[in-house]
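Please treat every number below as a calculation from the coordinates, not as lab data. What you are looking at is a predicted structure, and each value in this text was computed from that prediction instead of being measured. Note that we place each Cβ from the backbone using ideal geometry, even for glycine, and neighbour counts take in every protein chain shown.
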Amino acid sequence: MIKGSLHQPKRGKMDFLLGFYHGNFKSLILLTVLCLWNCAGVEEQDILNFDMSLETGTSGIESGISGMNAGIDQSHMTMAGMTAGMTTAGMTTAGMTTAGESEAGTQIDCGELTLCGSICVDESNDPQNCGGCGRTCVIPNASASCVDGQCLLNECQRSYFDVDQDLSNGCEAFNDCVAGESCMSSCGSEGVSECVNAQSQCIPPAETCNLQDDDCDGSCDEDWQALNCRVGIHRGYGQGEHIYSNELNVVSNSTHRLEFENYFYLAAETLPNSRPVFYCKTSANKPFLSTQTDCGINRAPLRNLGFWLASPECGASPLYHLKLSDDRDFFYTTSANERDHAVGLGYQDQGVVGYIWLP
Ligand SMILES: [Ca+2]
Ligand SMILES: [Ca+2]
Ligand SMILES: [Ca+2]
């Protein structure tokens, strides 16, 4: 409290103010304001005493504030401690939640996946848990995959083959065959190697017109029509003579009529052991066939019809040749019966001139 020793005879504005605020510590602040407003009449001693009181009051205020600050600091420290404690507790709690569930074996929600041990897996395509926990897809000599919960053989290792289609023994067959190499097929043609079911196989080529069975189907040049490698020879007759040509208008006209269209076939191109077949005419204008470039009578051929063979290869048939005396007719037939019948009619058997193909 203020304990100013004011002199009695000198009571003035200060006395009044002090008396007004007597016992009221908080009013010192207002007093200060009022003093700044008008303290001109306060004597020096009064001011000194007042300053002392003011200092005492200020000190009291500061002390009070200090006490409050201390209190607040104390409170802050306490709250900080609480925060730290909460943080620690939170961390501990979080840690305990996860660890607790895992260690305690509490069911982990894997959604559509399956819990295997402590992890969630997709049993439909997980090679380590295919169709069930721990069901590992291991296939001998092969890479494995898991599809729809089933272990599947993905691919055999090099030189291994799954011949028996048995998954349990994986790719059980070993063969170091090499694909893509030239090889001889079972019918002697030149093929390409393939590795089929752990066995090296020689895949024959496609058929071509070469008097060989290229594709090993037992037939020689059977694709000749598609390959267009043979030419049809028609047979006509008129004016007591037989006539043969690959041109229909030659065998079918005002003087000849068509007996057989595509009566037999010649090769369109030269082949091993083949002979060219020329359409010739004698000086008497009688048509005949010859393998000689001068028709054997020093006359130029009218046309090259194709090629027949000198031997019965690739399914070729004999072509019988007969003629009438004085070269009145040159007759060619594919039929032994007709040949014999012609002999009965007076034709001279000239034997087989070549080998052709029947329709
Ligand atoms: Ca197998
Ligand atoms: Ca063939
Ligand atoms: Ca062939």
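Observations
- Condition check for GLY306: free of Cβ contacts under 8 Å to residues at least 40 places away in the same chain and assigned to a strand (DSSP E or B): no
- Considering each residue of segment 178-188 in turn, at least one proves to be within 16 Å of ligand 3 (Cβ to nearest atom) and either touching a helix residue (DSSP H, G or I) at 6+ places or on another chain (Cβ under 9 Å) or at positive phi (or both).
- The listed residue being touching a Lys or Arg at 6+ places or on another chain (Cβ under 6 Å) and surrounded by fewer than 21 Cβ atoms within 10 Å (Cβ to Cβ), out of PRO301, PRO287: PRO287
- Residues (within 12 Å of ligand 2 (Cβ to nearest atom), under 18 Å from PRO272 (Cβ atoms) and buried (at least 18 other Cβ atoms within 10 Å of the Cβ)) located in segment 214-231: ASP214, CYS220, ASP221, TRP224
- Number of positions in segment 187-213 that are within 12 Å of ligand 2 (Cβ to nearest atom) and farther than 20 Å from PRO312 by Cα: 3
- Screening ASN246, ASN262 for residues that are touching a Gly at 6+ places or on another chain (Cβ under 8 Å) and buried (at least 16 other Cβ atoms within 10 Å of the Cβ) leaves exactly one candidate, ASN246.
- Residue count for segment 135-186, restricted to those that are assigned to a strand (DSSP E or B), touching a residue at least 12 places away in the same chain (Cβ under 8 Å) and more than 24 Å from the chain's Cα centre (by Cα): 4
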